[in-house]
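Beneath this line is the structure, given in structure tokens, with notes to follow.
Derivation of every value follows stated rules applied to the coordinates shown; laboratory data play no part. Since this is a predicted model, take the numbers as computed values, not measurements. All Cβ positions, even for glycine, are placed from backbone atoms using ideal geometry, and neighbour counts span all protein chains on display.
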């Protein structure tokens, strides 16, 4: 569980990065198994079914889609089964919080600023721990108070 979830916040995963990570998983699977072009196309043709969760308007519809995907899991290639079981099903709420609250972005341009996009990798890792997240959050809160205080 991430520090953000541990603190009780709703953490919206970025749909762009979700798709990007799925493509990385497929590329690695293709490379490791030396698949022919036909098999690669077969794997990729199932991706739109996974991304249907972004086309609906309620969490109930998302749950139905995930349930249907899990029902017909054996029809999918091995790599797509992995994505459904390990990346989509356990985290589908994190992928669709924006359906519950319109103030939450479906992509992470705004959300990722917590981790300072331009920061070095070792700094970002620090932010991803509970202690690091709280330190950074408190520092941002203090700066906001200084800029916006009425006194």
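Fully extending the segment from residue 68 to residue 91, taken as 0.36 nm per residue of separation minus the present Cα-Cα distance, adds 6.7 nm.
The fraction of all Cα pairs in the range 5-46 landing in successive 5 Å bins from 0 to the largest distance is 5, 19, 21, 16, 12, 10, 7, 6, 3, 0, given as whole percents. Counting 0.36 nm for each residue step from residue 61 to residue 33 and taking away their Cα separation leaves a gain of 6.6 nm. Taking 20 Å as the cut-off, the amide N atoms of the range 58-79 that come nearer than this to a point 7 Å along the Cα-to-beta-carbon line of residue 49 belong to 61-79.
Take every pair of alpha-carbon atoms less than 8 Å apart whose residues are at least six positions apart; their mean separation over the length of the range 12-100 yields a relative contact order of 45 percent.
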